[in-house]
Amino acid sequence: MTRFPVAVRALVTAIAAVLAVASASATARATPEPKAPGNFVALRTVDPTILQEIRYFTAHNFVGEPVDGYRQPLCILTRPAAEALHKAQTKLLRKGYTLKVYDCYRPQRAVDHFVRWAKDLDDQRMKAEFYPQVDKTRLFTDGYIAEKSGHSRGSTMDLTIVRLPAWPTRPFVPGEPLVSCHAPKAERFPDNSVDMGTGFDCFDTLAHTDDPRIAGEQRANRQLLKGTLEALGFVNLAEEWWHYTYKPEPYPDTYFDFPVSLKSLTKSH
């Protein structure tokens, strides 16, 4: 008569363990994702003519895979930044160009993904394109990777100019041969951007906006982007020709972590 109670106790214990796991899973599922404040918008609702090629939603970036937090290929910005970008687009359209954004708001979880990648020195799969002349051990020291990004505050974007009519950029095929981001434009990945002297996210001093080695048409293209945006309150990061922040920022000290998704926006878009 002693074996039955033992078996019952074992069964009860097993059931309790299953229920505990199920309860924990349900709690995890029920935890709501963070939401954006009300003055964050999808750029396309402010200006649907600006092209969007959100690189971190794809594998065509220095990490070599879609980045954490990018649920949709979508540009999200604070409304003041989006409206200023719309004014810049209006000016460029008159000259036969359009803006194209590569990245806008970036959640903190994406920045954390970059940090984990940078610490994994064995992962060199995208080196040949994005950092061919930089040792990965120096990415933090040289400022290419940091634990915080202005993008997470919602008023910073990475962008370029495309001459109209704009032909789409072909999809990147993971595993395809890589070409250095500072090779001549005809040899680099076929981005529909005008020639800026390097590709986007090129970890190299040639990407510095006013690098003296960039001349002629390449310099003129950088200055067209810079002059157009600075006249409307944007500030360029000197080390990256594509990186601009709208000032004053609504959230200068807040680093958000809501996913890049329409569901993150508190208002319907």
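Overview of results
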| quantity | calculated |
| --- | --- |
| Single condition ALA220 does not satisfy, out of (1) assigned to a helix (DSSP H, G or I); (2) surrounded by 15 or more Cβ atoms within 10 Å (Cβ to Cβ); (3) not basic (Lys, Arg) | (2) |
| Selected residue (criterion: surrounded by the fewest Cβ atoms within 10 Å (Cβ to Cβ)) from residues of segment 108-117 that are over 12 Å from LYS148 (Cβ atoms) and within 13 Å of the chain's Cα centre (by Cα) | ARG109 |
| Residue among PHE189, PHE200 that is in contact with a strand residue (DSSP E or B) (Cβ under 8 Å, 6 or more places away or on another chain) and aromatic (Phe, Trp, Tyr) | PHE200 |
| Residue in segment 98-107 that is surrounded by the fewest Cβ atoms within 10 Å (Cβ to Cβ), counting only those that are in contact with a helix residue (DSSP H, G or I) (Cβ under 9 Å, 6 or more places away or on another chain) and not aliphatic (A, V, I, L, M) | THR98 |
| Scope segment 140-165; condition under 21 Å from the mean Cα position of the chain (by Cα) and assigned to a strand (DSSP E or B); matching residues | THR156, MET157, ASP158, LEU159, THR160, ILE161, VAL162 |
| Extreme residue, nearest to LEU224 (Cα to Cα), among residues of segment 56-88 that are of a type outside the set (A, V, I, L, M) and buried (at least 22 other Cβ atoms within 10 Å of the Cβ) | CYS75 |
| Count of segment 109-138 residues which are closer than 30 Å to ALA36 by Cα and in contact (Cβ under 8 Å) with a residue 40 or more places away in the chain | 7 |
| Extreme residue, surrounded by the most Cβ atoms within 10 Å (Cβ to Cβ), among residues of segment 174-217 that are within 22 Å of LEU164 (Cβ to Cβ) and either hydrophobic (A, V, I, L, M, F, W, C) or not assigned by TED's automatic domain parsing to the domain that holds ILE54 (or both) | PHE200 |
| Residue satisfying condition, being assigned to a helix (DSSP H, G or I), of a type in the set (Ser, Thr, Tyr) and modelled with pLDDT of 95 or more, within set THR209, THR198, THR228 | THR228 |
| Qualifying positions in segment 34-49 - among the β-branched types (Val, Ile, Thr) and either buried (at least 22 other Cβ atoms within 10 Å of the Cβ) or under 13 Å from LEU77 (Cα atoms) (or both) | VAL41, THR45, VAL46 |
| Residue among PRO132, PRO168 that is assigned to a loop (DSSP other than H, G, I, E, B), at pLDDT 95 or above and not hydrophobic (A, V, I, L, M, F, W, C) | PRO132 |
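The values are calculated or read from the model by the stated rules, or taken from the named source; none is laboratory data. Here the structure is a predicted model, which means the values were calculated and not measured. Because the Cβ atoms are built from the backbone with ideal geometry, glycine has one as well, and the counts that use them run over all protein chains shown.
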